[in-house]
Amino acid sequence: MELIKAHEILIVDDSPTTLSILKQMFSKEPYRISEAGTGEEAISKALRTFPDLILLDLNLPDIDGIEICKILKDNALTRDIPILFITGERNTKKLCEAFNAGALDYIIKPFDLMEIGARVKTHLQLMDLIQRHKKLISDLKEANERIDSLSKMDMLTGLYNRRGIEEKFKMELSRTKRFESPFSIFLGDLDGFKNINDSFGHNLGDNVLQEIALLLKENSRGYDCIGRWGGEEFIGLLPGADCDGARKVAESIRSKVERHAISRNDKKIQVTMSFGLSSLKPDMQFSELIEVADRNLYQAKRSGKNIVVG
């Protein structure tokens, strides 16, 4: 597997000879090399440049290599950087401490240049695989969130569909109960919409639905939730609105729809909308709220249309 980029390696060692040997060896590879001779310098550079891998001497003059490792692993910005210890130690307990501190591997001095080169390359490749895996998971999560969001939207109007509205209602119901505030809904239905489809065609009918949806969004309150309930029927969730408040919102929208002329290809279409209201009562289910609004909408239709009932 080829390395996907020129990785940066931070070499931390107080021996100029070791630094020189390693820098010379890595100069033949597509790596960017930085160096530090003390623990303090190593921490500073790691936090400034975020190298892809750190070769860390276990015994430094100022800070013990294990302590440096702990400091870097405790920091969210540097905890994922692979750390390979360079050490002359063969003490099993000491090496176990290094692994417990978060080290990924260790290389015993005097080291074999081919071995250290192979180990570094392997760990960089593993890091690349992990990063790709994390990105794939992130992309998948993002895609799933987009799919979930789209599944709650009506594709024609861009409003919430039934699923989206029902989910929003659950959220609003919880808030309404918590603050003991009023809550109402409206069901609005375009009057004589079948005649529009029959007279002008379904494409123009779709244009009418899109314009009405935009009108509903623009003339409702910012915290209201507007959806397409089905066909030419729309719904509005009105948090904080009692019956009178809901009537004001619905009447304002009704009036705007009545005055709005929809023009397409030299054709002007005037539409009206009837509304049924319903206000939440204690222990009332969403289906019951809809039933009341639906009955009131039916009454609005029977009473001559283009009115608000509720």
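Tabulated data for the structure shown
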quantity: Test for Ser263: is it more than 19 Å from Arg302 (Cα to Cα), polar (S, T, N, Q) and in a strand (DSSP E or B); calculated: yes
quantity: Options Lys134, Lys170; residue that is in the same structural domain as Leu215 (by TED's automatic domain parsing) and exposed (fewer than 12 other Cβ atoms within 10 Å of the Cβ); calculated: Lys170
quantity: Hits in segment 149-162 - residues which are of a type outside the set (Phe, Trp, Tyr) and either assigned by TED's automatic domain parsing to the domain that holds Leu237 or closer than 11 Å to Arg228 by Cβ (or both); calculated: Met153, Asp154, Met155, Leu156, Thr157, Gly158, Leu159, Asn161, Arg162
quantity: Looking only at segment 215-247, and only at residues there that are exposed (fewer than 14 other Cβ atoms within 10 Å of the Cβ), out of contact with any Leu (no Cβ under 8 Å at 6 or more places or on another chain) and not aromatic (Phe, Trp, Tyr), the one that is modelled with the lowest pLDDT; calculated: Gly222
quantity: Only listed residue being aromatic (Phe, Trp, Tyr) and in a helix (DSSP H, G or I), chosen from Phe99, Phe85; calculated: Phe99
quantity: Selection within segment 234-245 - touching a residue at least 60 places away in the same chain (Cβ under 8 Å) and either aliphatic (A, V, I, L, M) or in a strand (DSSP E or B) (or both); calculated: Phe234, Ile235, Leu237, Pro239
quantity: Some residue of segment 98-107 being on the phi > 0 side of the Ramachandran plot and surrounded by fewer than 19 Cβ atoms within 10 Å (Cβ to Cβ); calculated: yes
quantity: Residue match in segment 1-17 (condition: more than 33 Å from the chain's Cα centre (by Cα), within 22 Å of Asp80 (Cβ to Cβ), surrounded by fewer than 15 Cβ atoms within 10 Å (Cβ to Cβ) and modelled with pLDDT under 90); calculated: no
quantity: Those residues of segment 165-213 which are farther than 13 Å from Glu232 by Cα, part of a helix (DSSP H, G or I) and touching a Gly at 6+ places or on another chain (Cβ under 6 Å), in sequence order; calculated: Ile165
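The rows are residues; the columns are (1) free of Cβ contacts under 8 Å to residues at least 40 places away in the same chain; (2) under 23 Å from Arg132 (Cβ atoms); (3) in a strand (DSSP E or B).
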residue: Ile9; (1), (2), (3): no, yes, yes
residue: Ile43; (1), (2), (3): yes, no, no
residue: Ile63; (1), (2), (3): yes, no, no
residue: Ile66; (1), (2), (3): yes, no, no
residue: Cys69; (1), (2), (3): yes, no, no
residue: Ile81; (1), (2), (3): yes, yes, no
residue: Arg90; (1), (2), (3): yes, no, no
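The values are calculated or read from the model by the stated rules, or taken from the named source; none is laboratory data. In this text, all values refer to a predicted model and were calculated from it rather than measured experimentally. Counting neighbours? That spans all protein chains shown, and the Cβs are built from the backbone with ideal geometry, glycine included.
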